[in-house]
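Below is one structure; the comments refer to it alone.
The values are calculated or read from the model by the stated rules, or taken from the named source; none is laboratory data. Nothing here was measured: the structure is a model prediction, and the numbers come from that model. No Cβ is skipped: glycine too gets one built from the backbone with ideal geometry, and neighbour counts run over all protein chains shown. These area figures cover heavy atoms from the full protein model, side chains too; ligands, DNA and RNA do not enter into them. Shrake-Rupley method; radii C 1.70, N 1.55, O 1.52, S 1.80 Å.
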Amino acid sequence: MKFGIHTLDEFDLAGKTVLCRVDMNQPVDKATDTLKSTQRIEACAPTVKEISDKGAKLVLMAHQGSDIEYENFYCTRPHAKVLSSLIGKEVKWIDDVCGPAAREAIKALKDGEILLLDNVRFCSEEQTLFEMKLNLTHEQQAQTEVVTKLAPLGDLYVCDAFAASHRDQPTLCGFEQVMPSAMGRLFEKEYVVISELMESPEKPCVFVLGGSKISDAFIMMETVLGGGSADKVLTGGLVGNILLHAVGKPIGQKSVDFIYAKNYEDYIPKAKALYDKYADRIVLPEDLAGVTDGVRHEYTLDEVPEDLSAIDIGSKTIAAYEKAIAEAKTVFVNGPMGVFEEAPSEAGTKAVFEALATTDAYTVVGGGDSVTASRKYKVADKLGYVCTGGGALIRFLTGEELPVVKALRHAAEAF
Ligand code: 3PG
(Lines give C-alpha, C1' and ligand atoms only; values in the text may rest on other atoms or scores of the structure.)
Protein backbone atom coordinates (compact mmCIF):
# COMPACT_ATOMS: atom_id res chain seq x y z
CA MET A 1 0.00 0.00 0.00
CA LYS A 2 1.29 3.50 -0.89
CA PHE A 3 -0.56 6.74 -0.14
CA GLY A 4 -3.48 4.62 1.11
CA ILE A 5 -3.77 2.94 -2.32
CA HIS A 6 -3.08 -0.69 -3.27
CA THR A 7 -0.17 -1.31 -5.64
CA LEU A 8 0.21 -4.13 -8.16
CA ASP A 9 2.66 -5.87 -5.79
CA GLU A 10 -0.21 -6.83 -3.50
CA PHE A 11 -2.07 -8.98 -6.05
CA ASP A 12 -1.48 -12.36 -7.61
CA LEU A 13 -2.46 -11.68 -11.21
CA ALA A 14 -2.05 -15.11 -12.82
CA GLY A 15 -5.30 -16.32 -14.36
CA LYS A 16 -7.19 -13.21 -13.22
CA THR A 17 -9.12 -10.83 -15.45
CA VAL A 18 -7.76 -7.33 -14.92
CA LEU A 19 -9.69 -4.26 -16.08
CA CYS A 20 -7.06 -1.58 -16.53
CA ARG A 21 -7.78 2.10 -17.31
CA VAL A 22 -4.89 3.75 -19.11
CA ASP A 23 -4.41 7.21 -20.65
CA MET A 24 -3.24 6.90 -24.23
CA ASN A 25 -4.85 10.15 -25.38
CA GLN A 26 -2.70 11.50 -28.22
CA PRO A 27 -3.17 13.84 -31.17
CA VAL A 28 -4.54 11.77 -34.07
CA ASP A 29 -4.36 11.95 -37.84
CA LYS A 30 -7.76 10.63 -38.82
CA ALA A 31 -6.94 10.63 -42.54
CA THR A 32 -4.19 8.06 -42.08
CA ASP A 33 -5.63 6.36 -38.99
CA THR A 34 -2.40 7.03 -37.11
CA LEU A 35 -1.20 8.88 -34.02
CA LYS A 36 0.92 12.00 -34.28
CA SER A 37 2.84 11.09 -31.14
CA THR A 38 3.02 8.06 -28.91
CA GLN A 39 4.63 9.14 -25.63
CA ARG A 40 1.64 8.37 -23.42
CA ILE A 41 1.47 4.87 -24.87
CA GLU A 42 5.18 4.44 -24.20
CA ALA A 43 4.60 5.63 -20.64
CA CYS A 44 1.92 3.06 -19.80
CA ALA A 45 3.49 0.17 -21.78
CA PRO A 46 5.48 -1.19 -18.78
CA THR A 47 2.30 -1.61 -16.72
CA VAL A 48 0.54 -3.36 -19.60
CA LYS A 49 3.48 -5.67 -20.18
CA GLU A 50 3.87 -6.50 -16.50
CA ILE A 51 0.20 -7.42 -16.01
CA SER A 52 0.16 -9.55 -19.15
CA ASP A 53 3.51 -11.20 -18.39
CA LYS A 54 2.19 -12.17 -14.97
CA GLY A 55 -0.48 -14.23 -16.72
CA ALA A 56 -3.57 -12.04 -16.39
CA LYS A 57 -6.25 -11.64 -19.02
CA LEU A 58 -5.88 -7.93 -19.55
CA VAL A 59 -8.70 -5.63 -20.67
CA LEU A 60 -7.59 -2.08 -21.42
CA MET A 61 -9.93 0.91 -21.28
CA ALA A 62 -8.84 4.27 -22.70
CA HIS A 63 -10.23 7.56 -23.97
CA GLN A 64 -9.21 9.45 -27.08
CA GLY A 65 -10.13 13.13 -27.40
CA SER A 66 -13.36 14.42 -25.96
CA ASP A 67 -16.18 16.88 -26.28
CA ILE A 68 -13.70 19.65 -25.47
CA GLU A 69 -11.01 18.30 -27.75
CA TYR A 70 -13.26 17.09 -30.50
CA GLU A 71 -10.72 17.17 -33.32
CA ASN A 72 -8.99 14.25 -31.58
CA PHE A 73 -12.18 12.36 -30.76
CA TYR A 74 -11.49 9.03 -32.41
CA CYS A 75 -11.39 5.26 -31.97
CA THR A 76 -8.53 3.49 -30.19
CA ARG A 77 -7.56 1.22 -33.13
CA PRO A 78 -4.21 2.95 -33.87
CA HIS A 79 -3.28 2.75 -30.18
CA ALA A 80 -3.54 -1.05 -30.21
CA LYS A 81 -1.04 -1.25 -33.07
CA VAL A 82 1.44 1.10 -31.38
CA LEU A 83 1.14 -0.67 -28.04
CA SER A 84 1.61 -4.07 -29.72
CA SER A 85 4.87 -3.01 -31.31
CA LEU A 86 6.11 -1.42 -28.09
CA ILE A 87 5.60 -4.49 -25.93
CA GLY A 88 6.24 -7.08 -28.64
CA LYS A 89 2.93 -8.85 -28.03
CA GLU A 90 -0.39 -8.86 -29.83
CA VAL A 91 -2.89 -6.33 -28.49
CA LYS A 92 -6.36 -7.28 -29.71
CA TRP A 93 -8.79 -4.46 -30.43
CA ILE A 94 -12.56 -4.33 -30.61
CA ASP A 95 -14.83 -1.52 -31.82
CA ASP A 96 -17.08 -1.78 -28.79
CA VAL A 97 -16.79 -0.61 -25.17
CA CYS A 98 -19.25 -2.59 -23.07
CA GLY A 99 -21.80 -4.08 -25.47
CA PRO A 100 -22.27 -7.82 -26.14
CA ALA A 101 -19.34 -7.95 -28.59
CA ALA A 102 -16.90 -6.47 -26.08
CA ARG A 103 -18.16 -8.73 -23.29
CA GLU A 104 -17.82 -11.84 -25.46
CA ALA A 105 -14.29 -10.81 -26.45
CA ILE A 106 -13.38 -10.35 -22.78
CA LYS A 107 -14.77 -13.77 -21.86
CA ALA A 108 -12.78 -15.35 -24.70
CA LEU A 109 -9.42 -13.98 -23.48
CA LYS A 110 -6.76 -16.49 -22.46
CA ASP A 111 -4.14 -15.93 -19.76
CA GLY A 112 -1.60 -13.31 -20.85
CA GLU A 113 -3.78 -11.99 -23.70
CA ILE A 114 -4.53 -8.29 -24.03
CA LEU A 115 -7.68 -6.64 -25.38
CA LEU A 116 -8.04 -2.90 -25.91
CA LEU A 117 -11.65 -1.69 -25.90
CA ASP A 118 -12.78 1.24 -28.01
CA ASN A 119 -12.80 4.86 -26.83
CA VAL A 120 -14.69 4.81 -23.52
CA ARG A 121 -15.97 8.32 -24.28
CA PHE A 122 -18.11 6.85 -27.04
CA CYS A 123 -20.35 6.08 -24.03
CA SER A 124 -22.20 9.29 -23.18
CA GLU A 125 -21.82 8.82 -19.42
CA GLU A 126 -18.06 9.21 -19.80
CA GLN A 127 -18.05 12.54 -21.63
CA THR A 128 -16.02 15.34 -20.12
CA LEU A 129 -18.57 18.15 -20.07
CA PHE A 130 -21.30 15.71 -19.10
CA GLU A 131 -19.20 14.96 -15.99
CA MET A 132 -19.14 18.64 -15.04
CA LYS A 133 -22.84 19.22 -15.63
CA LEU A 134 -24.18 16.01 -14.17
CA ASN A 135 -21.84 15.63 -11.23
CA LEU A 136 -22.42 11.94 -10.58
CA THR A 137 -21.21 10.72 -7.21
CA HIS A 138 -18.81 7.80 -7.25
CA GLU A 139 -21.63 5.53 -6.09
CA GLN A 140 -23.74 6.74 -9.01
CA GLN A 141 -20.82 6.18 -11.37
CA ALA A 142 -20.79 2.58 -10.18
CA GLN A 143 -24.35 2.29 -11.55
CA THR A 144 -23.46 3.44 -15.06
CA GLU A 145 -23.67 1.17 -18.09
CA VAL A 146 -19.94 0.69 -18.50
CA VAL A 147 -19.32 -0.27 -14.86
CA THR A 148 -22.35 -2.51 -14.44
CA LYS A 149 -21.59 -4.37 -17.68
CA LEU A 150 -17.81 -4.77 -17.28
CA ALA A 151 -17.14 -5.02 -13.53
CA PRO A 152 -18.74 -8.50 -13.21
CA LEU A 153 -16.23 -9.79 -15.78
CA GLY A 154 -13.15 -8.63 -13.88
CA ASP A 155 -11.31 -9.69 -10.71
CA LEU A 156 -9.26 -6.53 -10.28
CA TYR A 157 -9.46 -2.92 -11.50
CA VAL A 158 -6.18 -1.10 -12.12
CA CYS A 159 -5.90 2.60 -12.84
CA ASP A 160 -2.73 3.69 -14.59
CA ALA A 161 -4.26 6.87 -16.04
CA PHE A 162 -2.58 9.49 -13.88
CA ALA A 163 -3.03 12.00 -16.71
CA ALA A 164 -6.81 11.65 -16.42
CA SER A 165 -6.96 11.40 -12.61
CA HIS A 166 -8.62 14.83 -12.34
CA ARG A 167 -11.62 13.53 -14.28
CA ASP A 168 -14.60 12.36 -12.29
CA GLN A 169 -15.86 9.75 -14.74
CA PRO A 170 -17.17 6.17 -14.56
CA THR A 171 -14.16 4.32 -16.01
CA LEU A 172 -11.91 6.28 -13.64
CA CYS A 173 -13.90 6.40 -10.40
CA GLY A 174 -16.78 3.91 -10.75
CA PHE A 175 -15.05 0.53 -10.69
CA GLU A 176 -13.33 1.26 -7.36
CA GLN A 177 -16.75 1.26 -5.71
CA VAL A 178 -17.46 -2.35 -6.58
CA MET A 179 -14.20 -4.29 -6.81
CA PRO A 180 -10.61 -4.53 -5.51
CA SER A 181 -8.52 -1.84 -7.17
CA ALA A 182 -4.89 -0.79 -7.46
CA MET A 183 -2.81 1.87 -9.15
CA GLY A 184 -0.57 0.90 -12.05
CA ARG A 185 3.18 1.51 -12.24
CA LEU A 186 3.01 4.80 -14.15
CA PHE A 187 0.40 6.19 -11.76
CA GLU A 188 2.55 5.15 -8.82
CA LYS A 189 5.69 6.71 -10.30
CA GLU A 190 4.06 10.02 -11.17
CA TYR A 191 2.38 10.23 -7.78
CA VAL A 192 5.65 9.58 -5.92
CA VAL A 193 7.74 12.04 -7.94
CA ILE A 194 5.20 14.84 -7.89
CA SER A 195 4.41 14.56 -4.18
CA GLU A 196 8.10 14.75 -3.36
CA LEU A 197 8.79 17.72 -5.55
CA MET A 198 5.70 19.57 -4.36
CA GLU A 199 6.51 19.46 -0.65
CA SER A 200 7.73 23.06 -0.88
CA PRO A 201 8.17 24.60 -4.32
CA GLU A 202 10.81 27.31 -4.20
CA LYS A 203 9.63 30.86 -4.88
CA PRO A 204 9.27 32.75 -7.12
CA CYS A 205 7.09 30.17 -8.77
CA VAL A 206 5.97 30.89 -12.30
CA PHE A 207 3.24 29.07 -14.23
CA VAL A 208 3.22 29.22 -18.01
CA LEU A 209 -0.27 28.41 -19.24
CA GLY A 210 -1.19 28.14 -22.88
CA GLY A 211 -2.80 25.68 -25.23
CA SER A 212 -6.45 25.26 -26.00
CA LYS A 213 -7.83 23.20 -23.07
CA ILE A 214 -9.62 26.28 -21.92
CA SER A 215 -11.79 24.89 -19.13
CA ASP A 216 -8.75 23.28 -17.49
CA ALA A 217 -6.65 26.42 -17.90
CA PHE A 218 -9.18 28.67 -16.20
CA ILE A 219 -9.76 26.27 -13.31
CA MET A 220 -6.00 26.04 -12.90
CA MET A 221 -5.48 29.79 -12.94
CA GLU A 222 -8.09 30.35 -10.27
CA THR A 223 -6.63 27.64 -8.06
CA VAL A 224 -2.94 28.46 -8.41
CA LEU A 225 -3.50 32.20 -8.06
CA GLY A 226 -6.12 31.92 -5.32
CA GLY A 227 -4.11 29.30 -3.41
CA GLY A 228 -0.96 31.41 -3.65
CA SER A 229 1.24 28.82 -5.34
CA ALA A 230 1.74 31.03 -8.43
CA ASP A 231 3.65 34.28 -8.13
CA LYS A 232 3.07 34.87 -11.82
CA VAL A 233 1.04 33.23 -14.57
CA LEU A 234 2.43 33.85 -18.05
CA THR A 235 -0.28 33.32 -20.66
CA GLY A 236 -0.25 32.41 -24.32
CA GLY A 237 -2.11 30.35 -26.90
CA LEU A 238 -5.88 30.46 -26.82
CA VAL A 239 -5.76 31.14 -23.07
CA GLY A 240 -3.87 34.38 -23.73
CA ASN A 241 -6.17 35.37 -26.59
CA ILE A 242 -9.32 34.93 -24.49
CA LEU A 243 -7.83 36.98 -21.66
CA LEU A 244 -6.74 39.75 -24.02
CA HIS A 245 -10.17 39.86 -25.66
CA ALA A 246 -11.89 39.82 -22.27
CA VAL A 247 -10.03 42.91 -21.11
CA GLY A 248 -10.80 44.78 -24.34
CA LYS A 249 -7.45 44.37 -26.13
CA PRO A 250 -7.53 43.73 -29.90
CA ILE A 251 -6.66 40.21 -31.07
CA GLY A 252 -8.16 40.38 -34.58
CA GLN A 253 -11.61 39.34 -35.79
CA LYS A 254 -10.49 35.87 -36.90
CA SER A 255 -9.14 35.15 -33.41
CA VAL A 256 -12.45 36.31 -31.90
CA ASP A 257 -14.43 34.20 -34.39
CA PHE A 258 -12.34 31.19 -33.40
CA ILE A 259 -13.29 31.65 -29.72
CA TYR A 260 -16.97 31.68 -30.67
CA ALA A 261 -16.63 28.83 -33.17
CA LYS A 262 -15.23 26.70 -30.34
CA ASN A 263 -18.10 27.77 -28.06
CA TYR A 264 -15.68 29.31 -25.60
CA GLU A 265 -17.57 32.60 -25.28
CA ASP A 266 -18.63 31.70 -21.72
CA TYR A 267 -14.98 32.01 -20.75
CA ILE A 268 -14.80 35.67 -21.77
CA PRO A 269 -16.61 37.02 -18.67
CA LYS A 270 -14.78 34.44 -16.54
CA ALA A 271 -11.47 35.65 -17.92
CA LYS A 272 -12.43 39.26 -17.22
CA ALA A 273 -13.34 38.47 -13.61
CA LEU A 274 -10.14 36.51 -13.13
CA TYR A 275 -8.02 39.30 -14.56
CA ASP A 276 -9.77 41.96 -12.47
CA LYS A 277 -8.97 39.93 -9.37
CA TYR A 278 -5.36 38.99 -10.18
CA ALA A 279 -4.15 41.64 -12.66
CA ASP A 280 -0.90 42.01 -10.72
CA ARG A 281 0.01 38.36 -11.28
CA ILE A 282 -1.50 37.43 -14.66
CA VAL A 283 0.85 38.40 -17.48
CA LEU A 284 -0.80 38.96 -20.87
CA PRO A 285 0.98 38.84 -24.23
CA GLU A 286 2.10 42.31 -25.31
CA ASP A 287 2.43 41.36 -28.96
CA LEU A 288 0.99 38.65 -31.21
CA ALA A 289 1.96 36.85 -34.39
CA GLY A 290 -0.10 35.82 -37.40
CA VAL A 291 0.87 34.00 -40.57
CA THR A 292 -0.04 35.09 -44.10
CA ASP A 293 0.94 32.91 -47.08
CA GLY A 294 3.38 31.04 -44.88
CA VAL A 295 5.08 34.22 -43.65
CA ARG A 296 5.08 35.26 -40.00
CA HIS A 297 4.13 38.85 -39.08
CA GLU A 298 4.24 40.31 -35.57
CA TYR A 299 2.13 43.12 -34.17
CA THR A 300 2.15 45.02 -30.90
CA LEU A 301 -1.35 45.24 -29.44
CA ASP A 302 -1.94 48.75 -30.78
CA GLU A 303 -1.18 47.69 -34.34
CA VAL A 304 -3.13 44.42 -34.53
CA PRO A 305 -4.85 44.23 -37.97
CA GLU A 306 -8.62 43.94 -37.85
CA ASP A 307 -8.75 40.48 -39.41
CA LEU A 308 -5.76 38.92 -37.58
CA SER A 309 -5.78 35.26 -36.64
CA ALA A 310 -3.31 35.33 -33.74
CA ILE A 311 -1.55 31.97 -33.55
CA ASP A 312 1.56 32.74 -31.53
CA ILE A 313 2.99 35.27 -29.09
CA GLY A 314 5.35 37.91 -30.52
CA SER A 315 9.04 38.69 -29.83
CA LYS A 316 8.45 41.26 -27.07
CA THR A 317 6.33 38.78 -25.15
CA ILE A 318 8.91 36.06 -25.78
CA ALA A 319 11.67 38.25 -24.32
CA ALA A 320 9.56 39.04 -21.23
CA TYR A 321 8.71 35.37 -20.67
CA GLU A 322 12.35 34.28 -21.13
CA LYS A 323 13.34 36.79 -18.44
CA ALA A 324 10.60 35.64 -16.03
CA ILE A 325 11.64 32.00 -16.51
CA ALA A 326 15.33 32.85 -15.98
CA GLU A 327 14.53 34.68 -12.71
CA ALA A 328 12.18 32.02 -11.30
CA LYS A 329 13.09 29.25 -8.86
CA THR A 330 10.25 26.94 -9.95
CA VAL A 331 8.49 26.89 -13.32
CA PHE A 332 5.47 24.82 -14.34
CA VAL A 333 4.48 24.71 -17.98
CA ASN A 334 1.19 23.44 -19.31
CA GLY A 335 0.19 24.08 -22.90
CA PRO A 336 2.02 25.63 -25.87
CA MET A 337 2.17 29.37 -26.69
CA GLY A 338 0.89 28.90 -30.22
CA VAL A 339 0.51 26.50 -33.13
CA PHE A 340 3.97 25.03 -32.63
CA GLU A 341 3.42 22.20 -35.11
CA GLU A 342 4.04 24.69 -37.93
CA ALA A 343 7.34 26.56 -38.37
CA PRO A 344 6.04 30.14 -38.79
CA SER A 345 4.03 29.94 -35.57
CA GLU A 346 6.39 27.94 -33.35
CA ALA A 347 8.69 30.74 -32.08
CA GLY A 348 6.83 31.36 -28.79
CA THR A 349 6.66 27.71 -27.76
CA LYS A 350 10.22 27.04 -28.92
CA ALA A 351 11.60 30.00 -26.94
CA VAL A 352 9.74 29.03 -23.77
CA PHE A 353 11.01 25.46 -23.92
CA GLU A 354 14.56 26.57 -24.68
CA ALA A 355 14.35 28.96 -21.72
CA LEU A 356 13.33 26.01 -19.54
CA ALA A 357 16.47 24.18 -20.61
CA THR A 358 18.79 26.98 -19.50
CA THR A 359 17.14 28.37 -16.34
CA ASP A 360 18.44 27.35 -12.92
CA ALA A 361 14.82 26.97 -11.77
CA TYR A 362 13.26 23.59 -11.11
CA THR A 363 11.14 22.97 -14.19
CA VAL A 364 8.07 20.79 -14.49
CA VAL A 365 6.27 20.24 -17.74
CA GLY A 366 2.89 18.58 -18.00
CA GLY A 367 0.31 17.67 -20.61
CA GLY A 368 0.39 15.93 -23.97
CA ASP A 369 1.29 18.95 -26.12
CA SER A 370 3.94 20.16 -23.70
CA VAL A 371 5.55 16.74 -23.62
CA THR A 372 5.56 16.72 -27.43
CA ALA A 373 7.11 20.21 -27.50
CA SER A 374 9.81 19.26 -24.99
CA ARG A 375 10.79 16.42 -27.30
CA LYS A 376 10.55 18.49 -30.47
CA TYR A 377 12.92 21.11 -29.05
CA LYS A 378 15.17 18.41 -27.55
CA VAL A 379 15.00 19.74 -24.01
CA ALA A 380 13.20 16.83 -22.32
CA ASP A 381 16.42 15.62 -20.63
CA LYS A 382 17.16 19.12 -19.29
CA LEU A 383 13.83 19.47 -17.48
CA GLY A 384 13.23 18.70 -13.81
CA TYR A 385 10.23 16.48 -14.48
CA VAL A 386 8.03 15.70 -17.47
CA CYS A 387 4.58 14.47 -16.41
CA THR A 388 2.14 12.74 -18.77
CA GLY A 389 -0.68 14.72 -17.14
CA GLY A 390 -1.35 18.40 -17.62
CA GLY A 391 -4.68 19.15 -15.96
CA ALA A 392 -4.08 16.37 -13.43
CA LEU A 393 -0.63 17.67 -12.50
CA ILE A 394 -1.79 21.22 -11.91
CA ARG A 395 -4.82 20.04 -9.95
CA PHE A 396 -2.50 17.87 -7.87
CA LEU A 397 -0.24 20.83 -7.15
CA THR A 398 -3.11 22.77 -5.66
CA GLY A 399 -3.36 20.17 -2.91
CA GLU A 400 -6.82 19.04 -3.97
CA GLU A 401 -7.49 15.30 -3.62
CA LEU A 402 -7.86 14.04 -7.18
CA PRO A 403 -11.12 12.15 -7.85
CA VAL A 404 -9.27 8.99 -8.93
CA VAL A 405 -7.03 9.08 -5.85
CA LYS A 406 -10.13 9.38 -3.69
CA ALA A 407 -11.76 6.45 -5.46
CA LEU A 408 -8.65 4.26 -5.22
CA ARG A 409 -8.35 5.04 -1.50
CA HIS A 410 -11.98 4.09 -1.05
CA ALA A 411 -11.31 0.74 -2.75
CA ALA A 412 -8.28 0.12 -0.53
CA GLU A 413 -10.50 0.49 2.52
CA ALA A 414 -13.47 -1.39 1.13
CA PHE A 415 -11.75 -4.41 -0.48
C1 3PG B 1 -5.15 14.87 -21.12
O2 3PG B 1 -4.99 14.91 -22.33
O3 3PG B 1 -4.85 15.80 -20.34
C4 3PG B 1 -5.74 13.66 -20.51
O5 3PG B 1 -5.73 12.61 -21.43
C6 3PG B 1 -7.11 13.95 -20.08
O7 3PG B 1 -7.81 14.30 -21.22
P8 3PG B 1 -9.11 15.21 -21.08
O9 3PG B 1 -8.62 16.60 -20.76
O10 3PG B 1 -9.76 15.11 -22.44
O11 3PG B 1 -9.92 14.65 -19.98
Report, ordered by chain and residue number, the lysines lying within cross-link reach of residue 49, taken as a straight Cα distance under 21 Å and ignoring same-chain residues fewer than 8 apart. 16, 57, 81, 89, 92, 107, 110, 189
Find the centroid of the Cα atoms in the stretch 305-363 and in the stretch 241-260, then give the distance between the two in whole Å. 19 Å
Would you mind getting the Kirkwood hydrodynamic radius of the stretch 351-415 from its Cα pairs, rounded to one decimal in Å? 13.3 Å
Determine ³J(HN,Hα), in whole Hz, for all residues of the stretch 284-300 in sequence, where each value follows from phi through the Karplus function 6.51 cos²θ - 1.76 cosθ + 1.60 and θ = phi - 60°; x replaces Gly and Pro. 9, x, 9, 8, 10, 10, x, 10, 10, 6, x, 10, 7, 10, 10, 9, 6
Quick check on the stretch 82-222: what are the equivalent-ellipsoid semi-axes from the Cα gyration tensor, as sqrt(5λ), descending, whole Å? 31, 20, 15
Can you divide the C-alpha Rg of the chain by 2.2 N^0.38 Å and report the result to two decimal places? 0.99
Find the centroid of the Cα atoms in the stretch 72-89 and in the stretch 146-217, then give the distance between the two in whole Å. 21 Å
Nearest 20 debye, what's the magnitude of the dipole of the stretch 252-397 about its Cα centre given +1 on Lys and Arg Cβ and -1 on Asp and Glu Cβ? 760 debye
Taking all protein chains in place and a 1.4 Å probe, what share, in percent, of the accessible surface of the chain do carbon and sulfur account for? 52 percent
Size descriptor, Kirkwood hydrodynamic radius, that averages inverse alpha-carbon separations across the stretch 77-163, Å: 14.5 Å
Over its alpha-carbon atoms, the stretch 203-360 yields an Rg and a Dmax in Å of 14.5, 44
Per residue, in Å², the accessible surface of the chain once ligands and nucleic acids are set aside, probe 1.4 Å: 39 Å²
Can you tell me which lysines have their Cα less than 19 Å from the Cα of residue 270? Leave out same-chain residues fewer than eight positions away. 133, 213, 232, 249, 262
Reachable aspartates and glutamates from residue 350, Cα under 17 Å, same-chain residues fewer than 8 places away excluded? 287, 298, 312, 322, 341, 342, 369, 381
Across the stretch 223-228, in residue order, what do the Karplus-derived ³J(HN,Hα) couplings come to in whole Hz, using 6.51 cos²θ - 1.76 cosθ + 1.60 with θ = phi - 60° and x for Gly and Pro? 6, 6, 7, x, x, x
With respect to the cross-link table entries 54/149; 54/382; 2/323; 316/378; 272/323; 30/382, which display a Cα-Cα separation exceeding 28 Å? 54/382; 2/323; 30/382
For residue 28, which sequence-distant residues (separation of 5 or more, or a different chain) have an amide H within less than 5 Å of its own amide H, given hydrogens modelled in the peptide plane? 36
Name the long-range amide H neighbours of residue 181: under 5 Å, sequence gap of 5 or more, or other chain; modelled H, no Pro or chain starts. 157
Restricting to DSSP H runs of at least four residues, report the calculated mean residue ellipticity at 222 nm for the chain, -39500 (n - 2.57) per run over all residues, nearest 500 deg cm²/dmol. -11500 deg cm²/dmol
Go through the stretch 325-336 residue by residue and turn each phi into a ³J(HN,Hα) via Karplus (6.51, -1.76, 1.60, θ = phi - 60°); whole Hz please, and just put x for glycine and proline. 5, 5, 8, 7, 9, 9, 10, 10, 10, 9, x, x
Residues whose placed amide H lies under 5 Å from that of residue 387, excluding near-sequence neighbours: 365, 366, 367
